[in-house]
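Data block below; observations after.
Throughout, read-outs are computed from the coordinates displayed, never taken from laboratory work. Being a predicted model, the structure only gives us computed values, none of them experimental. No Cβ is skipped: glycine too gets one built from the backbone with ideal geometry, and neighbour counts run over all protein chains shown.
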Amino acid sequence: KYYAVRNAIKKHRPHLIDEHLLSKVVNSTKQSYGKVKFNQVLDYPGIKSLATKQINNVPLFTFEELQQDYGFVLYEKTYSNYYHNVELEIPEPRDMVYVFTDDKYAGKFTGVLNKKLVLPSFRKLGLLVENMGRINYGHFLHDYKGIVGEIKLGEEEVSKGIDWNIWSLPLNNTNLAQFEVLKTNPGPGSILRGEFTIHGKPADTWVNMSRFSKGVIFINGRNMGRYWPVVGPQKNLYVPSVFLKTGVNELILLELVEMPSERNLYVELVDHPDVGSCN
């Protein structure tokens with residue numbers, strides 16, 4: 001596409017093209033570094049240890065009220081009695097809400113496709129909310145993030161109380177994570193860690209995320225972005241060479257929806273993009 005646009009400009013507005021500068025433009029080197037296997041884990045709810053702020057017995061504050069620009073917020077509440085096969089309703093999730101009952105993943109709210117979710121028996125309810133980005137124009141300019149509006153468990157509204165515990169999780173501090181050796185296949189909400197070694201000068205690469213479902217990856221402490229290959233279209237996340245180093249590099253991954261099988265618990269660093277189909 002770049003070359004097509006450049007050639008079109010050159011054909012119709014040749015005075016805008018500096019041939020001298022073009023002669024100096026060279027493609028960067030790309031490299032495939034192979035598989036990165038995950039051998040360390042921080043199981044959910046260990047993500048709480050990365051909180052930059054924790055407040056207890058408060059209302060359901062939004063991201064803005066918490067003065068948090070991006071990332072995740074975990075809202076948690078423990079009830080005195082068990083709920084059994086009750087329907088959770090969140091009419092206005094902003095944006096993705098990952099639901100945990102007694103620290104086990106129970107499902108998600110997308111804000112578009114589903115508004116209700118039937119939960120198993122539980123006492124502790126955790127709502128991990130992801131800010132997927134803000135709308136900055138039109139009627140949706142005030143795009144608040146978090147839990148906006150009411151939450152219902154069956155016919156009971158549970159969002160008005162001041163008995164929620166909240167953890168702010170911008171995830172700008174993955175270097176503080178205390179990982180353990182991975183022994184069993186982890187569940188959603190877990191953070192995985194692996195290493196790969198680069199010999200010589202680092203080159204551009206891409207992380208193929210086709211084995212995972214939805215989440216975020218970090219390389220050497222830098223957020224490389226979200227992956228969501230089922231929705232796409234992008235399957236491979238770009239990693240510029242300047243974020244890599246000669247020697248041992250660290251790759252951290254937060255999976256939010258579904259872990260692959262134990263034998264597929266790895267990603268692959270490849271030398272090409274995959275931006276999906278245009279069909």
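Charges on Cβ only, +1 for Lys and Arg, -1 for Asp and Glu, centred on the Cα centroid of the chain; of H12, F38, V275, which one is farthest towards the dipole's positive end?
Of the options given, the answer is H12.
Normalised by the residues of segment 25-156, what does the relative contact order come to in percent, with Cα pairs under 8 Å and at least six apart? Provide the component values of the computation, followed by the final result.
Details: 212 pairs, mean separation 37.6, N = 132.
The normalised contact order for segment 25-156 reaches 29 percent.
In 10 Å bins starting at zero, report the fraction of Cα pairs in segment 1-43 per bin as a rounded %.
19, 30, 15, 13, 14, 8
Under the Kirkwood approximation for Rh and a Cα-based Rg, what ratio Rg/Rh is obtained for segment 202-247? Don't skip to the answer; put the middle values down first.
Numbers: Rg = 11.0 Å, Rh = 11.1 Å.
Over the Cα atoms of segment 202-247, Rg/Rh equals 0.99.
Restricting to Cα atoms and excluding each atom paired with itself, what does the Kirkwood estimate give for segment 150-279 in Å? Please list the in-between numbers first.
Values: mean 1/r = 0.0595 Å⁻¹.
Here the Kirkwood hydrodynamic radius works out to 16.8 Å.
Set Lys and Arg Cβ to +1 and Asp and Glu Cβ to -1, take the dipole of the chain about its Cα centre, and tell me which of I191, P229, F122 lies farthest positive.
P229
Among T184, T78, T101, whose mean-square fluctuation peaks in a Gaussian network model of the chain (Cα, cutoff 10 Å)?
Residue with maximal mean-square fluctuation among T184, T78, T101: T184.
One quarter of the convex hull surface, Cα atoms only: what value does that give for the chain in nm²?
Details: hull surface 76.3 nm².
Over every viewing direction, the Cα hull of the chain projects on average to 19.1 nm².
Given the options L16, L60, L128, state which has the largest fluctuation in a GNM of the chain using a 10 Å cut-off (strictly under) for Cα springs.
Maximum fluctuation in the GNM of the chain, among the listed residues, is at L16.
Compute a Gaussian network model of the chain, connecting alpha carbons closer than 10 Å, and tell me which residue from V129, V41, V230 fluctuates the most.
Maximum among the listed residues: V230.
List the pair-distance distribution P(r) of segment 141-196, using every Cα-Cα distance, as the percent of pairs falling in each 5 Å bin from 0 up to the bin containing the longest distance, rounded to whole percents.
Going from the shortest bin to the longest, the percentages are 4, 10, 15, 15, 14, 14, 13, 10, 4, 1, 0.
Go ahead and estimate [θ] at 222 nm for the chain from helices alone: -39,500 (n - 2.57) per DSSP H run with n ≥ 4, summed, over the residue count, rounded to 500. Display every interim value, and only then the final one.
Values: 2 runs with 15 residues, N = 279.
Value at 222 nm, helices only, nearest 500: -1500 deg cm²/dmol.
What do you get when you divide the Cα radius of gyration of segment 34-170 by 2.2 N^0.38 Å, with N the number of residues?
1.08
Where does segment 109-219 land on Rg/Rh, using Cα atoms and the Kirkwood Rh? Present the calculation step by step, with values, prior to reporting the outcome.
Working: Rg = 19.1 Å, Rh = 18.8 Å.
Here Rg/Rh amounts to 1.02.
Helix 2-12 sits at what angle to the longest principal axis of the chain, using alpha carbons and giving 0 to 90 degrees rounded to 10?
Orientation of helix 2-12: about 50 degrees from the principal axis.
Tell me, what does the Kirkwood hydrodynamic radius of segment 1-111 come to in angstroms if you use every pair of distinct C-alpha atoms? Write down the numbers at each step before the final one.
On the way: mean 1/r = 0.0492 Å⁻¹.
That comes to 20.3 Å for segment 1-111.
Give me the net charge for the shell around F243: Cβ to Cβ below 12 angstrom, other residues only, Lys and Arg +1, Asp and Glu -1. Please report the intermediate quantities before stating the final value.
On the way: positive: R222, K245; negative: D204, E250.
Residues near F243 contribute 0 overall.
From Cα pairs below 8 angstrom and at least 6 apart in sequence, can you work out the relative contact order of segment 92-226, rounded to a whole percent?
Working: 134 pairs, mean separation 24.2, N = 135.
Relative contact order here is 18 percent.
Over the chain, what relative contact order in percent results from Cα pairs under 8 Å that are six or more residues apart? Show your work: numbers first, answer last.
On the way: 630 pairs, mean separation 69.1, N = 279.
Relative contact order of the chain: 25 percent.
Considering only C-alpha atoms, what is the centroid distance from segment 20-91 to segment 171-187, in Å?
Here the answer is 13 Å between Cα centres.
So if I average 1/r over every pair of distinct C-alpha atoms in segment 240-279 and take the inverse, what Kirkwood radius in Å does that give?
That comes to 13.6 Å for segment 240-279.
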